[in-house]
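In what follows, a single structure is set out as structure tokens and then discussed.
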Amino acid sequence: MDNEIRALQEQVTELKKTVKDLGSRLELLEDIKTATATLETKTELQPLTEKTINTFKEKRKEIRTKVQRPKVNLELRLGQLLNRLGVVALIVGLAIFLKYSFDNQWIGPAGRIILGMLLGVGLWVGGEYTKKKFPRYAQGLLGGGSLAMFFSIYAGYSFYDLFSQVATFIVLVVIMALTVVMAIRYDALVIGLLGIIGGYATPFMVGSNAPNPWVLFTYLTILTVGVLGVSSYRKWILFNYLSFFFNQTIILFWMLGEFSLEYLTPTLLFLVITFILYIGITTAYNIRHRKLSTTAETILMGLNAFLFFAWSAATLDGTIIEDYMGFYAIFLSCCYVYLGRIVYTVYRDDKKQLFALFGTALVLITIAMPLQLKEHYLSIAWLTEALSVIFISFKLSSKRLRVGGLIVLAIALMSVWEFVDSWWMTQEMFLLNFRTLIGLYAIAVTGLTAWLYAKKGGDDEKPLAFILQGLVLVEIFIFLTMQNSHFFSTKDFDFLLSPEQLSLSGIWMLYAIVLFTLGLKKYNRYLRFGGLGLIGIVIIKAFFVDLADLATVYKIVLFIILGLCLLGVSFVYQKKKDVIIGQDSGEEM
């Protein structure tokens, strides 16, 4: 009788706690309703002002303070940890006992395997029995049971030859499948992880010396589909990354060890299937469920694309497609552009996914060009790509895409001027050559990019437009200098240094005067400063280089021209000083 009264008292206490908790929740709902009604009233009567927003933030903060997460009981956590440690200790103790019994021949091989299996079954039964009252405790038992059975079967196959390879493989797969089913049933992520690890480890634990790629890749495909299905069903996103890691690791070892053209078809088929699966789980799934992509998912998108391209390119090496890898990369890029277009049409709110898809397409195109084009055509292709991407980025109002375009532009310009500098020695015709065309095209692309930033860029991008405009002037300077060197490399002079240096100084001075004149007409002090700076370089060169190396006749000509130019610039400053002083220093080129 006393026990019944005590039980009733405990039930009454639990009911009081429940009622109190329900009361707190009702109070919270009333506060949320009041805050929402207040905000709606204010937004209907007056426009959304900073004061209204601050009021809403204060209400939200007040409500959040009332929502207290349940406190983590450290003692209970320690109890759960002891459960896991207890299972591990039990398995270790059993292993030590078995080893001792084996060493003393107490138990034969078959008996040892039976003991391990009985232990696994016993842990499973214990987990089933305790799952309702002690779910955390039960998870430890279930996971330990799976491990005990898994390693018992493996030991029977590997150490004692009690089972055939096919039988072992089937039993291990069944054990891991049951483990995953238990994980889903009890919503236990840890048990699911054991199943995944065991599933991917099975083909290596029972593998043979003679590889059978059709069996291996069929098994891995079925396993991957199952893992991704469980991940979608239970929202266990970690499964996506783990399965991707295991698949890529297996492909790496396969490509380094067993792969040959004999296994081309099953290998390439598995690569394509897994590639499509991970596109589906990162792109199609998010679109269907209206879910914004996370940073980790966008990284997975990029890795999936680039690793697929790398593995498939390595697989196709030695085939007829080997000479067309650039077109293959462009094909993949077009696929990603198409996917990006679909996402933009259907679910354009997912900015991260859009950036990942279009960014991947951009990188693939950039990779395709050196694979397919020769050096001089490669520079033109990169310049065209950079300008196209930057133009599209302004149409889409995507600053991230513009950053990608600028990176390609930087790569292209380095390629152009390195190529131009090294290639001109092989050209016999001055000016009318491919080097001149590429140099002029590079200047034009940089100028158009600067114009786009100046006309369509935001206020925060104006400094970048100014830098690009300055880069155009620098490129023209480099182009003129190289053309001067090229001209004298095609001629035979008695005094090679003298006319070349005189001509170079004259070209620099002429360029400086053009900059200075444009600066006056456009009321742009930066152009004038550029011209004056270049004049300063000519003066330094004249006194410290040309004065020592030029022949006497060239010295006379140089210094007379230099003096006249300096006097002319000085006269213009005196004549236009009022206009120059009064102009707005902030005007642009």
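The values are calculated or read from the model by the stated rules, or taken from the named source; none is laboratory data. Since the structure is predicted, the reported quantities are computational estimates derived from the model, not experimental observations. Counting neighbours? That spans all protein chains shown, and the Cβs are built from the backbone with ideal geometry, glycine included.
Side notes on the structure shown:
- Test: residue in region 213-236 that is farther than 26 Å from T294 by Cα, under 28 Å from the mean Cα position of the chain (by Cα) and in contact (Cβ under 8 Å) with a residue 40 or more places away in the chain: yes
- For region 423-465, the set of residues classified as in a loop (DSSP other than H, G, I, E, B) and either of a type outside the set (D, E, K, R) or at pLDDT 90 or above (or both) consists of Q427, M429, F430, L431, L432, N433, G457, G458, listed by residue number.
- F163 being free of Cβ contacts under 8 Å to residues at least 60 places away in the same chain and under 40 Å from the mean Cα position of the chain (by Cα): no
- Check on T345, part of a helix (DSSP H, G or I), farther than 28 Å from L464 by Cα and over 20 Å from the mean Cα position of the chain (by Cα): yes
- So L269, is it of a type in the set (A, V, I, L, M) and in contact with a Ser or Thr (Cβ under 7 Å, 6 or more places away or on another chain): no
- Residue within region 166-184 that is out of contact with any helix residue (DSSP H, G or I) (no Cβ under 6 Å at 6 or more places or on another chain), surrounded by fewer than 22 Cβ atoms within 10 Å (Cβ to Cβ) and outside any helix (DSSP H, G or I) present: no
- Residue that is nearest to A188 (Cα to Cα), among those in region 146-160 that are among the hydroxyl-bearing types (S, T, Y) and modelled with pLDDT under 75: Y154
- Every residue from region 489-520 that is more than 16 Å from L473 (Cβ to Cβ) and either modelled with pLDDT of 80 or more or touching a His at 6+ places or on another chain (Cβ under 6 Å) (or both): S503, L504, S505, G506
- Extreme residue, nearest to the chain's Cα centre (by Cα), among residues of region 106-123 that are surrounded by fewer than 14 Cβ atoms within 10 Å (Cβ to Cβ) and modelled with pLDDT under 75: G108
- For region 384-422, filtering for residues that are in contact (Cβ under 8 Å) with a residue 12 or more places away in the chain and either over 23 Å from the mean Cα position of the chain (by Cα) or closer than 21 Å to H486 by Cβ (or both) leaves 8.
- Within region 437-453, the set of residues being in contact (Cβ under 8 Å) with a residue 24 or more places away in the chain and among the aliphatic types (A, V, I, L, M) comprises I438, L440, A442, I443, V445, L448, L452.
- Residue that is nearest to F246 (Cα to Cα), among those in region 292-327 that are free of Cβ contacts under 8 Å to residues at least 40 places away in the same chain and in contact with a helix residue (DSSP H, G or I) (Cβ under 7 Å, 6 or more places away or on another chain): F308
- Among residues of region 180-192 that are on the phi > 0 side of the Ramachandran plot, those with a Cβ under 9 angstrom from a residue that is assigned to a helix (DSSP H, G or I) and surrounded by 15 or more Cβ atoms within 10 Å (Cβ to Cβ), sequence gap 6+ or separate chain, pair up as D187/R234.
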